[in-house]
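**Student:** Take this structure first; my questions come after.
The values are calculated or read from the model by the stated rules, or taken from the named source; none is laboratory data. Given the structure is predicted, the values throughout are model-derived calculations rather than measurements. Here the Cβ positions follow ideal geometry from the backbone for every residue, glycine too, while neighbour counts run over all protein chains shown.
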Amino acid sequence: MSLAKIDQTDETKLTFDVQVAGTKEDVSAYRLVIESEEYSIICKGKPGKDGIEVQLPKLKGLLDEGVYKATLEIIIGDRIFTPLTEVIEVNPNIELTVESRAPEKSEPKDKISIKVGETKVSSIVQEAKEEGYIVVDVKNRKALKKDGLYVGVIENDEMKFSKEGHDFVTDLFEEIDAE
């Protein structure tokens with residue numbers, strides 16, 4: 001099983017439930033490392049309301065379809081802890097799934113413990129589809145369509161809606177761009 005199945009064409013946010021104990025030092029950095037045969041991609045994480053959030057960029061052009069080793073790294077002082085090592089599946093044009101992982105434990109010499117709980121995968125495109133919208137790619141923009149009308153767009157990882165539905169996507173873009 002994999003940590004996540006992600007689409008090459010969408011940004012994806014992974015949220016890790018991480019707890020650090022046994023040290024007075026602050027965590028210097030959180031990062032997710034995705035390794036390919038030729039290079040590694042490092043995505044920095046930051047604390048969020050549900051845990052450590054790691055924003056993955058669109059991977060099209062960076063990683064081909066396939067399975068890649070992914071490691072969550074937590075840096076405390078001059079030490080790197082890797083409490084989670086899994087794989088990420090990169091697939092074109094598939095929906096994302098959420099999977100829970102049992103925590104992997106690391107037992108360093110000075111008893112620093114790190115617990116990794118549930119991992120959440122989200123994408124604004126996936127959220128829009130779950131809310132019943134059809135996501136249409138038009139000239140490098142994503143339009144939202146519902147009940148035969150264009151009602152909004154996805155920009156900057158958020159949904160923006162028009163005041164009314166439009167029959168034509170160009171009318172929708174004109175209204176959104178005018179705001």
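**Student:** Determine which single condition PRO47 fails, assuming it passes every other condition in (1) surrounded by 13 or more Cβ atoms within 10 Å (Cβ to Cβ); (2) part of a strand (DSSP E or B).
**Tutor:** (1)
Per-residue answers, yes or no, for (1) modelled with pLDDT of 65 or more; (2) crowded, with 17+ Cβ neighbours inside 10 Å:
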{"residue": "ILE94", "(1), (2)": "no, no"}
{"residue": "GLU99", "(1), (2)": "yes, no"}
{"residue": "SER106", "(1), (2)": "no, no"}
{"residue": "LYS111", "(1), (2)": "yes, no"}
{"residue": "ILE114", "(1), (2)": "yes, yes"}
{"residue": "VAL125", "(1), (2)": "yes, yes"}
{"residue": "GLU131", "(1), (2)": "yes, no"}
{"residue": "ILE134", "(1), (2)": "yes, no"}
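**Student:** Looking only at the stretch 40-49, decide whether some residue is within 17 Å of VAL87 (Cβ to Cβ) and under 11 Å from the mean Cα position of the chain (by Cα).
**Tutor:** Within the stretch 40-49, one or more residues are within 17 Å of VAL87 (Cβ to Cβ) and under 11 Å from the mean Cα position of the chain (by Cα).
**Student:** Follow-up question, since we're still on this one. Quick check, is THR119 among the polar types (S, T, N, Q), more than 16 Å from GLY22 (Cβ to Cβ) and modelled with pLDDT of 80 or more?
**Tutor:** no
**Student:** Of all residues being farther than 24 Å from LYS5 by Cβ and outside any loop (DSSP other than H, G, I, E, B) in the stretch 136-145, which is modelled with the lowest pLDDT? Just the residue, please.
**Tutor:** Only one residue tops the list, namely VAL138.
**Student:** Still on this structure, I have one more. Among the residues of the stretch 150-179, how many are surrounded by fewer than 15 Cβ atoms within 10 Å (Cβ to Cβ) and of a type in the set (A, V, I, L, M)?
**Tutor:** Count: 1.
**Student:** Restricting attention to the stretch 52-69, and to residues there that are under 13 Å from the mean Cα position of the chain (by Cα) and not polar (S, T, N, Q), which single residue is nearest to SER113 (Cα to Cα)?
**Tutor:** ILE52
**Student:** Looking at (1) assigned to a strand (DSSP E or B); (2) surrounded by fewer than 20 Cβ atoms within 10 Å (Cβ to Cβ), find the lone condition where SER2 falls short.
**Tutor:** Here SER2 clears every test but (1).
**Student:** For the stretch 50-92, what are the residues that are among the acidic types (Asp, Glu), assigned to a loop (DSSP other than H, G, I, E, B) and either more than 21 Å from VAL135 (Cβ to Cβ) or at pLDDT below 85 (or both)?
**Tutor:** Listed by number, the residues that qualify are ASP50, ASP64, ASP78.
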